[in-house]
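Enquirer: Mind looking over this structure? Questions follow.
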Amino acid sequence: PSPEEAALVSNSFDDVTRRLLEVPYLLVHRDFQSTNLMLKDRRMVLIDFQDTLMGPPVYDLVSLLRDSYVSLPLPLLERLRHEYFAQAGHLLPFRTEAEFDSFFHLQTLQRKLKDAGRFVFIDRVKGNPSFLRWVAPTLGYVSAAFDHLPQYAALRDLLKRYLPALGGAV
């Protein structure tokens, strides 16, 4: 990338980070997704929680509803997101559901770009290409998040030149 493109990416990522740091953090599982939810004796069991840390309050919800390994139909995803806010919104630092939704999309952008990069890293550095099949659906989530974040249109346009999978939303 050119110096201007690198600056655009850096400045955009700095802005995403700054915005995600605006809200109080809480304990997050970090990998709250289908592969870490098990049924044992008809009860839900969480595994792989050794990386639990403090993070944005929508982090686990994004991990679950925008799971790279399971694609929820959009109407179901929207209903679950709405229901989550209706039930837990009073515990969250967001004043309105619109603000909550904005942070959900912002967190989706951050988390899913990280996931896509991690999948490629596992292939290129660790020699394990098995996660590459999840790059396209993961970038589809990024594209869907961009649809709700017009302030990052320049970043989206730039990334689309390098990542054709950003062309269509999931």
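Where a number appears in this text, it was derived from the coordinates with a stated rule and is not lab data. For clarity, every value in this text was computed on a predicted model and none was experimentally measured. Cβ: placed from backbone, ideal geometry, glycine included. Neighbour counts: every protein chain shown.
Enquirer: Using the Kyte-Doolittle scale, which helices in the chain average at least 0.5 and also have C-alpha atoms spread 20 Å or more along the helix axis, with helices defined as whole DSSP H runs? All intermediate terms of the calculation are to be shown ahead of the outcome.
Expert: Values: long enough: 3-20 (25 Å, -0.44); 74-88 (21 Å, -0.27); 97-124 (40 Å, -0.47).
Answer set is empty.
Enquirer: Still on this structure: Taking 0.36 nm per intervening residue step and subtracting the Cα-Cα distance, what contour gain separates Y162 from T17 on full extension? Kindly include the intermediate steps, with their values, before the conclusion.
Expert: Numbers: separation 145, 0.36 × 145 = 52.20 nm, distance 2.20 nm.
Gain on stretching Y162 to T17: 50.0 nm.
Enquirer: Once you have a ≥ b ≥ c as the square roots of the Cα gyration tensor eigenvalues for the stretch 45-97, tell me rounded if a/c is under 1.5, and otherwise prolate or oblate according to whether a/b is larger than b/c. Provide the component values of the computation, followed by the final result.
Expert: On the way: a/c = 2.27, a/b = 1.12, b/c = 2.04.
Judged from the Cα gyration tensor, the stretch 45-97 comes out oblate (a/c at least 1.5, b/c at or above a/b).
Enquirer: To continue, here is another question. Before rounding to the nearest 500, sum -39500 (n - 2.57) across all DSSP H runs of length at least 4 in the chain and divide by the residue total; then give [θ] at 222 nm in deg cm²/dmol.
Expert: Values: 6 runs with 91 residues, N = 170.
My calculation for the chain gives -17500 deg cm²/dmol from helical runs alone.
Enquirer: Assigning unit charges at the beta carbon (Lys, Arg +1; Asp, Glu -1) and nothing else, what dipole magnitude in debye, to the nearest 20, does the chain show about its Cα centre?
Expert: 440 debye
Enquirer: So, one more: Under 1.5 on a/c is rounded, so check that first for the chain, then, if it is not, pick prolate when a/b is larger than b/c and oblate when it is not; a ≥ b ≥ c are the square roots of the alpha carbon gyration tensor eigenvalues.
Expert: Details: a/c = 1.65, a/b = 1.19, b/c = 1.38.
Cα axes put the chain in the oblate bin.
Enquirer: Straight-line reach from K126: which lysines have Cα under 29 Å away, leaving out those fewer than 8 places along the same chain?
Expert: K112, K114, K160
Enquirer: Further, regarding this structure: Using modelled backbone amide H atoms (1.01 Å from N, in-plane), which distant-in-sequence or interchain residues come within less than 5 Å of L26's amide H?
Expert: G55
Enquirer: Considering the options F131, P1, Y141, tell which one lies farthest towards the positive end of the dipole of the chain, charges being +1 on Lys and Arg and -1 on Asp and Glu at the Cβ, about the Cα centre.
Expert: Checked the options; the winner is F131.
Enquirer: Gain in length, Q87 to L72, computed as 0.36 nm per residue apart minus the alpha-carbon separation, to one decimal in nm?
Expert: Values: separation 15, 0.36 × 15 = 5.40 nm, distance 2.02 nm.
Gain on stretching Q87 to L72: 3.4 nm.
Enquirer: Right, next: What is the fewest-to-most order of F103, F13 by other Cβ atoms lying within 10 Å of their Cβ? Write down the numbers at each step before the final one.
Expert: On the way: F103 22, F13 15.
Going from least to most buried by this count: F13, F103.
Enquirer: For the stretch 1-148, what relative contact order do you get, as a whole percent, if you take Cα pairs closer than 8 Å and at least 6 residues apart? Intermediate values should be presented prior to the final figure.
Expert: Working: 139 pairs, mean separation 30.2, N = 148.
So the answer I get is 20 percent.
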